[in-house]
Amino acid sequence: MTRYTGLVDHYRHRLPLAPEARPISLGEGRTPLIRLQNLPSKLGFENELYVKFEGLNPTGSFKDRGMTVAVTQAVHEGARAIICASTGNTSAAAAAYAVRAGITAFVLIPEGKIALGKLAQAVVHGAVVIQVLGNFDDGMRLVKEVGQTTPVSIVNSINPYRLQGQKTAAFEIVEELGRAPDYHCLPVGNAGNISAYWMGYSELTGRTTLASRAFGDAPAYDRTAVTDTRPVMVGYQASGAAPFLRGGPVKVPETVATAIRIGDPQSWDFAWAVHEESGGWFDECDDDQILATQKLLAETEGVFCEPASAASLCGALRDIRSGRIAAGTTVVCTLTGNGLKDPDIVMKKGLAGLIQVPAERSAVEKCLTERMR
Ligand SMILES: *Cc1c(COP(=O)(O)O)cnc(C)c1O
């Protein structure tokens, strides 16, 4: 057994990195693909339903997959600093990988509405945190502007190396299932991840996609076909931040799912190409449905994802129920981030379920007998 040292080492032949680029890694990737058992039987359907739990990456979200490749390339190019706009998870990953590389991370976060755990990560890793008095889309615009005038490397998903790293999740899924799933469901914010998965699945069939072609050719990398099918790609947005459903940018995006609170997606064209080529669709879930699904998953399967992540499962369950996702098919939902990043959301009701007893055995025993399932 060779030690697993992260996805740059593992998938290097399928990534456009120069042979001499030194991997900047925290052992990201190889996240569990968990087959749901209790939920399908509870809801009475027969699809093979899996969740790819990306919350178990080193900083707790799939952003690590993109960041290891983006920072590896930035350092290879001689960058001394990276910068990103972020709703939280990108800044957490940028901060950690910058430390690993020994360079500076500048992160622009929006005013309010950033999960405390994510902010804590940027702070503890010593990133320079700049709060912009505006939303994510304002931060993104500013990052693009200063990227023109200052020697910093942008590590948002407009950096094509990010999507290259993120495509590796599709590789892992095909390796585990022995083939591509029939449907792949994701939450959609900037739409980089749905474009990256489609690139990953497509390259495993020997094809290119709009996102891979936009990257150009140097250095060339392996796209040898190992399978012949690709999934239907389905993207779910939060109703208050659903530009793909509205047909254009949303000026004031609002949702509890802060990781997808984005009004002007950066990978707009890529995502529409995914929609068309895969025969997929976009749909929306409202905040109540998203939070109910987060809780349902935690209560029935023991998996705690963040609200944005629950959008994928929320939409998938609805589309399975309606038959839009065909009965009996294999479905994978990406759970993009870890629920621990944003405990406030689930603690809104306070400690309503807390039971207090005197420090006596009889009181505890009484409590147990009353509540045995
Ligand atoms: C970044 C992020 C998303 C959205 O991904 P996009 O590539 O922007 O569509 C969804 N969920 C979580 C937890 C994220 O961190």
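Considering all alpha-carbon pairs of the range 126-179, what whole percent are spaced by more than 16 angstrom?
Numbers: 856 of 1431 pairs.
Tail fraction, whole percent: 60.
With a ≥ b ≥ c the root eigenvalues of the C-alpha gyration tensor of the range 1-114, is it rounded (a/c under 1.5), prolate (a/b larger than b/c) or oblate?
Working: a/c = 3.11, a/b = 1.50, b/c = 2.08.
Taking the square roots of the gyration eigenvalues as a ≥ b ≥ c, the range 1-114 is oblate.
Given labels modelled 7 Å from the Cα in the Cβ direction, how far is it in nm from ARG207 to ALA120?
My value for the distance between the label points is 4.3 nm.
Quick one: angle between helix 89-101 and the longest Cα principal axis of the chain, in degrees between 0 and 90, rounded to 10, please.
For helix 89-101, the angle is close to 60 degrees.
Quick one: check the C-alpha center-to-center distance for the range 1-48 versus the range 216-295, whole angstrom.
20 Å
Quick one: angle between helix 192-203 and the longest Cα principal axis of the chain, in degrees between 0 and 90, rounded to 10, please.
It is inclined by approximately 70 degrees.
Along each of its three principal axes, how wide is the spread of alpha-carbon positions in the range 213-330, in whole angstrom units, largest first?
Cα extents, longest axis first: 44, 39, 25 Å.
Expressed as cubic angstrom per residue, what is the convex hull volume of the alpha carbon set of the range 166-241?
Details: hull volume 6.7 nm³, N = 76.
Enclosed volume per residue, from the Cα hull, is 88 Å³.
Place a +1 charge on the Cβ of each Lys and Arg in the range 225-373 and a -1 charge on the Cβ of each Asp and Glu, then give the dipole magnitude about the Cα centre in debye, rounded to the nearest 20. Don't skip to the answer; put the middle values down first.
Numbers: 15 positive and 20 negative charges, 93 e Å.
It comes to approximately 440 debye.
For the range 327-341, take each phi angle, set θ = phi - 60°, evaluate the Karplus expression 6.51 cos²θ - 1.76 cosθ + 1.60, and give the result in whole Hz per residue in order, putting x for glycine and proline.
Running phi through 6.51 cos²θ - 1.76 cosθ + 1.60 with θ = phi - 60° gives 4, x, 7, 9, 10, 10, 10, 7, 9, 5, x, 8, x, 5, 5 Hz.
Can you give the local net charge around VAL107? Use residues other than it whose beta-carbon is closer than 13 angstrom to its beta-carbon, Lys and Arg +1, Asp and Glu -1. If you can, show how the numbers build up before the last one.
Values: positive: LYS63, LYS118; negative: none.
Overall, the nearby charge balance is +2.
With contacts defined as alpha carbon pairs under 8 Å and 6 or more residues apart, what's the relative contact order of the range 167-238 in percent? Please list the in-between numbers first.
Working: 99 pairs, mean separation 31.1, N = 72.
This gives 43 percent for the range 167-238.
In whole percent, what relative contact order does the range 243-373 give with Cα contacts below 8 Å and a gap of six or more residues? Mind dumping the intermediate values first?
Values: 103 pairs, mean separation 23.0, N = 131.
The normalised contact order for the range 243-373 reaches 18 percent.
For a quick check: with amide H placed at 1.01 Å from N, whose amide H comes under 5 Å from LEU17's, ignoring anything fewer than 5 positions away on the same chain?
For LEU17, whose amide H was placed from the backbone, there are no distant partners under 5 Å.
Which one of PRO16, GLY216, GLY240 is farthest out on the positive end of the charge dipole of the chain, using unit charges on Cβ (Lys, Arg +1; Asp, Glu -1) and the Cα centre as origin?
Result: PRO16.
Counting Lys and Arg as +1 and Asp and Glu as -1, each charge on the Cβ, what is the dipole of the range 1-151 about the Cα centre in debye, to the nearest 20?
300 debye
Kirkwood-based Rg over Rh for the range 316-368 (C-alpha set), two decimals? Walk me through the numbers on the way to the answer.
Numbers: Rg = 20.4 Å, Rh = 15.8 Å.
Radius of gyration relative to Kirkwood radius: 1.29.
Mind checking the per residue accessible area of the chain for me, 1.4 Å probe, whole number of Å²?
Values: 16020 Å² over 373 residues.
Accessible area per residue, the chain: 43 Å².
With a 1.4 Å probe and every protein chain kept in, tell me what percent of the accessible surface of the chain is carbon plus sulfur.
Summing carbon and sulfur atoms, their accessible area is 53 percent of the total for the chain.
Read phi for every residue in the range 69-86 and hand back ³J(HN,Hα) as whole Hz from Karplus 6.51 cos²θ - 1.76 cosθ + 1.60, θ = phi - 60°, with x for Gly and Pro.
Taking θ as phi minus 60°, the curve returns 6, 5, 6, 4, 5, 4, 5, 4, 7, x, 5, 9, 8, 10, 9, 8, 9, 7 Hz for the range 69-86.
Multiply the residue gap between HIS76 and ARG321 by 0.36 nm, knock off their C-alpha separation, and tell me the result in nm, one decimal place. Walk me through the numbers on the way to the answer.
Values: separation 245, 0.36 × 245 = 88.20 nm, distance 4.85 nm.
Residue separation times 0.36 nm, minus the Cα-Cα distance, leaves 83.4 nm.
Return the sequence-ordered ³J(HN,Hα) values of the range 115-123 in whole Hz as given by the Karplus equation 6.51 cos²θ - 1.76 cosθ + 1.60 applied to θ = phi - 60°, using x for Gly and Pro.
4, 4, x, 5, 5, 4, 5, 4, 5
In a GNM of the chain with a 10 Å cut-off on Cα contacts, which of ALA70, ALA326, ALA93 has the highest mean-square fluctuation?
ALA326
Given axes a ≥ b ≥ c from the Cα gyration tensor, I'd like to know whether the range 148-304 is rounded (a/c under 1.5), prolate (a/b larger than b/c) or oblate.
Because a/c hits 1.5 or more and a/b fails to exceed b/c, the range 148-304 counts as oblate.
Between GLU175 and ILE130, what's the calculated FRET efficiency when r is the beta-carbon distance and R0 is 35 Å? Round to 0.05. Each step should come with its number before you reach the end.
Numbers: r = 40 Å, r/R0 = 1.13.
After rounding, the FRET efficiency stands at 0.30.
If I take every Cα pair under 8 Å that is 6 or more residues apart in the chain, average their sequence separation and divide by the length, what percent do I get for the relative contact order? Present the calculation step by step, with values, prior to reporting the outcome.
Details: 757 pairs, mean separation 70.5, N = 373.
Across the chain, relative contact order equals 19 percent.
With +1 assigned to the C-beta of every Lys and Arg and -1 to the C-beta of every Asp and Glu, and no other charges, what is the dipole magnitude of the chain about the Cα centre in debye, to the nearest 20? Working shown, then result.
Working: 37 positive and 39 negative charges, 102 e Å.
Its charge dipole is roughly 500 debye.
Using just the alpha carbons, could you tell me how many Å³ per residue the convex hull of the chain encloses? Walk me through the numbers on the way to the answer.
Numbers: hull volume 60.3 nm³, N = 373.
For the chain, the hull spanned by Cα atoms encloses 162 Å³ per residue.
What angle, in degrees between 0 and 90 and rounded to the nearest 10, separates the Cα long axis of helix 136-149 from the longest principal axis of the Cα atoms of the chain?
Tilt relative to the chain: about 20 degrees.
Beyond 18 Å, how much of the Cα-Cα pair distribution for the range 86-174 remains, as a whole percent?
Details: 1831 of 3916 pairs.
Roughly 47 percent, rounded to a whole number.
At 0.36 nm per residue, and after removing the present C-alpha to C-alpha distance, how many nm does the segment from LEU351 to THR329 gain when stretched out fully?
Working: separation 22, 0.36 × 22 = 7.92 nm, distance 3.98 nm.
Here the segment from LEU351 to THR329 would lengthen by 3.9 nm.
Label 7 Å along Cα→Cβ of GLU20; the range 160-179 residues with amide nitrogen under 12 Å?
Zone members listed by number: none at all.
Under the rule of at least 5 residues apart or a separate chain, name every residue whose amide H is placed under 5 Å from the amide H of SER153.
Excluding prolines and chain starts, which carry no amide H, the hits are ALA81, ILE82, ILE83.
Can you give me the distance in nm between label points at ASP9 and TRP268, each placed 7 Å from the Cα along the Cα-to-Cβ direction?
4.2 nm
The values are calculated or read from the model by the stated rules, or taken from the named source; none is laboratory data. All values derive from a computational prediction rather than experimental measurement. Note that each Cβ is placed from the backbone with ideal geometry, even for glycine, and that neighbours are counted across all protein chains shown. We work out accessible area using only protein heavy atoms, side chains counted, and drop any ligands, DNA or RNA first. Shrake-Rupley method; radii C 1.70, N 1.55, O 1.52, S 1.80 Å.
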